[in-house]
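Participant: Attaching a single structure in structure tokens format; questions to follow.
The values are calculated or read from the model by the stated rules, or taken from the named source; none is laboratory data. Being a predicted model, the structure only gives us computed values, none of them experimental. No Cβ is skipped: glycine too gets one built from the backbone with ideal geometry, and neighbour counts run over all protein chains shown. We work out accessible area using only protein heavy atoms, side chains counted, and drop any ligands, DNA or RNA first. Shrake-Rupley method; radii C 1.70, N 1.55, O 1.52, S 1.80 Å.
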Amino acid sequence: MNANYLQTPITYLKGVGPNRAETLQGELGIHTYQDLLNLFPNRYLDKTKYYKVAELQRNSSEVQLIGKIVNIKTIEQKKGKRLVATFLDDTGKMELVWFRGQKWIRENLKLNIPYVIFGKCNWYNGVFSMPHPEMELLEDHKKGLKVFMQPIYPSTEKLSNRGITNRVVSKLIQQLFIETKAEFSETLSDALLHELRLMNKSDALLNIHFPKSQELLAKAQFRLKFEELFYIQMQLLIKKMLHKQKIKGFNFDQVGELFNEFYEEHLPFELTGAQKRVIKEIRSDLGSNAQMNRLLQGDVGSGKTIVAVMTMLLAIDNGYQACLMAPTEILANQHYNGIKELLDKVGVSCALLTGSVKKGARKIIHEQLENGELHILIGTHALLEDKVQYKNLGLAIVDEQHRFGVAQRSKLWHKNEYPPHILVMTATPIPRTLAMSLYGDLDISVIDELPPGRKPIKTVHRFDSNRLKVFGFIKDEIKKGRQIYVVYPLIQESEALDYKDLMDGYESIARDFPLPDYQISIVHGKMKPADKDYEMERFVRGETQIMVATTVIEVGVNVPNASVMIIESAERFGLSQLHQLRGRVGRGADQSFCILMTSHKLSAEAKTRLETMVRTNDGFEIAEVDLRLRGPGDIMGTQQSGVLNLKIADIVKDNDILKTARYHAIQLLKQDPGIEKPENMVVRYAYSQLVKYKNIWNYIS
Ligand code: ADP
Ligand code: MG
């Protein structure tokens, strides 16, 4: 059956009228035969096993049993009538219960004759009961066509309200198989089918909807998951190839005076091996005539800033301007101060543009940008305003891209006639699994080595009841000259409550750490930016020993003398946030500590998060745990939750299949970049169909 036939609108399928078609479209996005065929079951009910009553567990799922009904009675209650039957096998008895259709059941149910029943079991008042069981006489069951694994399809309330039950969906799919004669064209090459011993397409579709056995189901699932991930990888890789060919970039072929002078005379420290490697990767991008589109991942404190600085010098050496965009004003300030200090040494001009820059100063910046006097602009979202026009922007660096939408990223692109090279820096390690599927079209550099001499941060979990001991510890650290962060959660929905927590906490700390021996800074979202900055500055300069804050300090703030991070209500933070916060300490030569404070009431997931934090400092390991706990949608945010639209594969669980798929996609494109060889025609055709009918999930613009 050819693929075009599968584009037939779903209304043409027998059993689907205009009403059902509308519901299927609205609820499940099913417009065509193809869409219905690709509606894969979420799970299967195992009808291969027959349970005994004595084997039933209190929270078992659906089960199948053989036995007889020995009596039946109606029970009247305030809430209404129900019909209750006693069901017996040779190991015990249970109840079957009906709330609806009681008359029909009463008239048709046969006593003392073996039935096969199937349904979900409840444990209630000391007996197992099964509401509304599926029932079939054992005799008929033996004769009938056996369904071993009953598929359960995705459903919604509207679907079931409008009578499109699981049974109906299953029937429609059966009808589709009848109309198409269950012949579906192959979408993978012989070579792939052979090498990976994959089930062919028709068999896979048949077995995913009507599995004959566990084993065949597993083979069908593997084949279809592989196919899905393979074509996503193909799309990402092809996009990357096209990007390299098509999107010309400024050619920075000079490694000039500024870069060399800085490298030889002004580097404040020896670069780590990882930093050197990453700079090399970036340099080779910049000199390749194609636009760079690179993601730089490096754990907090791994030293991304210096990489940014050296990359900007490359741009200036080649006669271009550069900009660096940070997610918050505090961060932009900090970047500006740090970077300006470095760049002054080589005479490069640099300005800061944020929301709080005054009109007059702003105007000067705009002018100097346009006439090229200004080499580097550092700032916040303010950089994206239309008034900001560069003479020749050659490089845009985005720090902590998680805070920026994709749209904003592309806005930078269109600032100039040619797109600038783009370097996105992030300290939130993206799990390898996700990076591969989401950013397969970006180049990725990783700084996987911390600057020398850092001592791993010691992390402990303490209950609130031990607060006095913790305070004692803080006093000791302050005596040694160290500074302390105390962070409170801030969650939008309950801002008022969070604020109260913060203020209560602040008061109790102020009591235990009285003036004049102790100076405390406080920073929270309700303060004016100027006040925030003032408090931040006092802490940065070492005038205050304790910084009480909400999560505003999460990203990027650098105070090397701060050695203790106390996180209050740590159970309320996500893993990546905890890791980010912890990264605020451990920046100096001293031993640093992270103390996770919680109450005794902890969910299982919260426990896992805390244990993970205590066990490891490795951002990638933490990111993998986070991904397992939360799933990809939550991690990447809604914008990129397209990854959830996978029809059958699971980014987390099917990691191995993903790797295999990626490997084979890379091999195929290496050997046949234009997908032109006769043996790959099948892949070419399948790919073009997927693109044409937009069946490949479309992730980043
Ligand atoms: P992040 O990757 O979190 O942005 P930074 O660039 O802020 O990290 O660097 C963290 C700290 O480490 C800074 O104080 C920086 O000066 C220092 N640093 C960076 N690279 C090195 C290095 N190779 N050797 C020693 N210190 C370094
Ligand atoms: Mg940084």
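Participant: Quick test for you: out of Leu313, Leu352, Leu343, Leu331, pick the one residue that is open to solvent by less than 10 Å² (accessible area, probe 1.4 Å) and within 18 Å of Ala530 (Cα to Cα).
Facilitator: Leu331
Participant: Quickly run through region 317-328 and pick out the residues that are more than 19 Å from Val540 (Cβ to Cβ), open to solvent by less than 10 Å² (accessible area, probe 1.4 Å) and among the small types (Gly, Ala, Ser).
Facilitator: Residues of region 317-328 more than 19 Å from Val540 (Cβ to Cβ): 317-325.
Of the ones still in play, those that are also open to solvent by less than 10 Å² (accessible area, probe 1.4 Å) are 321-325.
The one that is more than 19 Å from Val540 (Cβ to Cβ), open to solvent by less than 10 Å² (accessible area, probe 1.4 Å) and among the small types (Gly, Ala, Ser): Ala322.
Participant: For region 358-370, indicate whether the set of residues that are touching a residue at least 60 places away in the same chain (Cβ under 8 Å) and not in a loop (DSSP other than H, G, I, E, B) is non-empty.
Facilitator: no
Participant: If you don't mind, there's one more thing I want to ask. Report yes if some residue within region 240-262 is open to solvent by 40 Å² or more (accessible area, probe 1.4 Å) and either aromatic (Phe, Trp, Tyr) or within 16 Å of ligand 1 (Cβ to nearest atom) (or both); otherwise report no.
Facilitator: The answer is no, given that none of the residues of region 240-262 is open to solvent by 40 Å² or more (accessible area, probe 1.4 Å) and either aromatic (Phe, Trp, Tyr) or within 16 Å of ligand 1 (Cβ to nearest atom) (or both).
Participant: Then there's this: Collect the residues in region 8-24 that are over 19 Å from Ile648 (Cα atoms) and either open to solvent by 40 Å² or more (accessible area, probe 1.4 Å) or within 32 Å of the chain's Cα centre (by Cα) (or both), keeping them in residue-number order.
Facilitator: Restricting attention to region 8-24, the residues satisfying the condition of being over 19 Å from Ile648 (Cα atoms) are 8-23.
Hits for region 8-24 are Pro9, Thr11, Tyr12, Lys14, Gly15, Pro18, Asn19, Arg20, Glu22, Thr23.
Participant: Would you confirm whether any residue within region 215-230 is within 16 Å of ligand 2 (Cβ to nearest atom) and open to solvent by 10 Å² or more (accessible area, probe 1.4 Å)?
Facilitator: Pass one, region 215-230, residues within 16 Å of ligand 2 (Cβ to nearest atom): none.
No, every residue in region 215-230 fails to be within 16 Å of ligand 2 (Cβ to nearest atom) and open to solvent by 10 Å² or more (accessible area, probe 1.4 Å).
Participant: Now, a different point. Out of Thr328, Thr305, which single residue is among the β-branched types (Val, Ile, Thr), within 16 Å of ligand 1 (Cβ to nearest atom) and closer than 12 Å to Met425 by Cβ?
Facilitator: That would be Thr305, the only listed residue that is among the β-branched types (Val, Ile, Thr), within 16 Å of ligand 1 (Cβ to nearest atom) and closer than 12 Å to Met425 by Cβ.
Participant: Looking at (1) away from ligand 1 (no atom under 16 Å from the Cβ); (2) in contact with a strand residue (DSSP E or B) (Cβ under 9 Å, 6 or more places away or on another chain); (3) open to solvent by 10 Å² or more (accessible area, probe 1.4 Å), which is the only condition Tyr336 fails?
Facilitator: Against the list (1) away from ligand 1 (no atom under 16 Å from the Cβ); (2) in contact with a strand residue (DSSP E or B) (Cβ under 9 Å, 6 or more places away or on another chain); (3) open to solvent by 10 Å² or more (accessible area, probe 1.4 Å), Tyr336 comes up short only on (1).
Participant: Report yes if Ile316 is part of a helix (DSSP H, G or I), within 16 Å of ligand 1 (Cβ to nearest atom) and not basic (Lys, Arg), otherwise no.
Facilitator: no
Participant: Another one. Filter region 184-196 down to the residues that are over 31 Å from the mean Cα position of the chain (by Cα) and in a loop (DSSP other than H, G, I, E, B) and list them by number.
Facilitator: Phe184, Ser185, Glu186, Ser189
Participant: Output the residue which, of all residues in region 409-432 that are in contact with a Phe, Trp or Tyr (Cβ under 8 Å, 6 or more places away or on another chain) and at pLDDT 80 or above, is nearest to Leu314 (Cα to Cα). First the steps, then the outcome.
Facilitator: Residues of region 409-432 that are in contact with a Phe, Trp or Tyr (Cβ under 8 Å, 6 or more places away or on another chain), as a first pass: 415-416, 418-422, 429-432.
After this cut, where a residue has to be at pLDDT 80 or above as well, the list is 419-422.
On the way: Pro419: 16, Pro420: 13, His421: 11, Ile422: 13 Å.
Filtering first and then ranking leaves His421.
Participant: Sort out which residues of region 289-310 are open to solvent by 30 Å² or more (accessible area, probe 1.4 Å) and either without any contact (Cβ under 8 Å) to a residue 40 or more places away in the chain or within 28 Å of the chain's Cα centre (by Cα) (or both), and write them in order of number.
Facilitator: Matches in region 289-310: Asp299, Thr305.
Participant: In region 378-408, what residues are at pLDDT below 65 and part of a helix (DSSP H, G or I)? Walk me through how you get there before you give the answer.
Facilitator: Our first condition is that a residue be at pLDDT below 65; within region 378-408, this holds for 401-408.
Once the filter is applied, which keeps residues that are at pLDDT below 65 and part of a helix (DSSP H, G or I), region 378-408 yields Gln401, His402, Arg403, Val406, Ala407, Gln408.
Participant: Assess whether Glu611 counts as being within 24 Å of Asp448 (Cβ to Cβ), within 24 Å of the chain's Cα centre (by Cα) and either modelled with pLDDT under 90 or not basic (Lys, Arg) (or both).
Facilitator: Considered against the rule, which asks whether it is within 24 Å of Asp448 (Cβ to Cβ), within 24 Å of the chain's Cα centre (by Cα) and either modelled with pLDDT under 90 or not basic (Lys, Arg) (or both), Glu611 comes out as yes.
Participant: Out of the residues in region 619-664 meeting the condition of being outside any helix (DSSP H, G or I) and of a type in the set (Gly, Ala, Ser), tell me which one is modelled with the lowest pLDDT.
Facilitator: Gly637
Participant: Regarding region 541-560, can at least one residue be identified that is out of contact with any His (no Cβ under 9 Å at 6 or more places or on another chain) and free of Cβ contacts under 8 Å to residues at least 12 places away in the same chain?
Facilitator: Yes, region 541-560 has at least one match.
Participant: Another one. Can you work out which of the residues in region 154-183 that are of a type in the set (Val, Ile, Thr) and surrounded by 15 or more Cβ atoms within 10 Å (Cβ to Cβ) is farthest from the chain's Cα centre (by Cα)?
Facilitator: Thr180
Participant: Hey, can you tell me all the residues within region 290-322 that are away from ligand 2 (no atom under 16 Å from the Cβ) and under 28 Å from Asn371 (Cβ atoms)?
Facilitator: If the condition is that a residue be away from ligand 2 (no atom under 16 Å from the Cβ) and under 28 Å from Asn371 (Cβ atoms), then Gln291, Met292, Leu313, Leu314, Ala315, Ile316, Asp317, Asn318, Gly319, Tyr320, Gln321, Ala322 are the ones that fit.
Participant: Are any of the residues in region 200-216 at pLDDT below 85 and in a loop (DSSP other than H, G, I, E, B)?
Facilitator: yes
Participant: Taking only pairs six or more apart or across chains, which ones have beta-carbon atoms under 8 Å, a first residue in region 19-39 that is closer than 14 Å to Ser160 by Cα, and a second residue that is in a helix (DSSP H, G or I) and basic (Lys, Arg)?
Facilitator: Hits for this filter: Thr23/Lys158; Gly26/Lys158; Glu27/Lys158.
Participant: Using the structure shown, decide if Ile117 is in a strand (DSSP E or B) and among the β-branched types (Val, Ile, Thr).
Facilitator: It is true that Ile117 is in a strand (DSSP E or B) and among the β-branched types (Val, Ile, Thr).
Participant: Quick check on Glu341: is it in a loop (DSSP other than H, G, I, E, B) and of a type in the set (D, E, K, R)?
Facilitator: It is false that Glu341 is in a loop (DSSP other than H, G, I, E, B) and of a type in the set (D, E, K, R).
Participant: Run down Arg277, Arg283 and say which single residue is within 14 Å of ligand 1 (Cβ to nearest atom), open to solvent by 50 Å² or more (accessible area, probe 1.4 Å), out of contact with any strand residue (DSSP E or B) (no Cβ under 7 Å at 6 or more places or on another chain) and in a helix (DSSP H, G or I).
Facilitator: Matching residue, one of Arg277, Arg283: Arg277.
Participant: I'm checking my understanding of the structure. Among residues of region 579-595 that are aliphatic (A, V, I, L, M) and within 15 Å of ligand 2 (Cβ to nearest atom), which one is surrounded by the most Cβ atoms within 10 Å (Cβ to Cβ)?
Facilitator: Filtering region 579-595 for residues that are aliphatic (A, V, I, L, M) and within 15 Å of ligand 2 (Cβ to nearest atom), the one surrounded by the most Cβ atoms within 10 Å (Cβ to Cβ) comes out as Val585.
Participant: Residue by residue through region 355-367, note down the ones that are open to solvent by 60 Å² or more (accessible area, probe 1.4 Å) and out of contact with any Pro (no Cβ under 9 Å at 6 or more places or on another chain).
Facilitator: Lys358, Lys359, Lys363, Ile364, Glu367
Participant: Here's something else I'd like to know. State the number of residues belonging to region 537-578 that are within 16 Å of ligand 1 (Cβ to nearest atom), part of a helix (DSSP H, G or I) and either touching an Asp or Glu at 6+ places or on another chain (Cβ under 8 Å) or open to solvent by 10 Å² or more (accessible area, probe 1.4 Å) (or both).
Facilitator: Count: 3.
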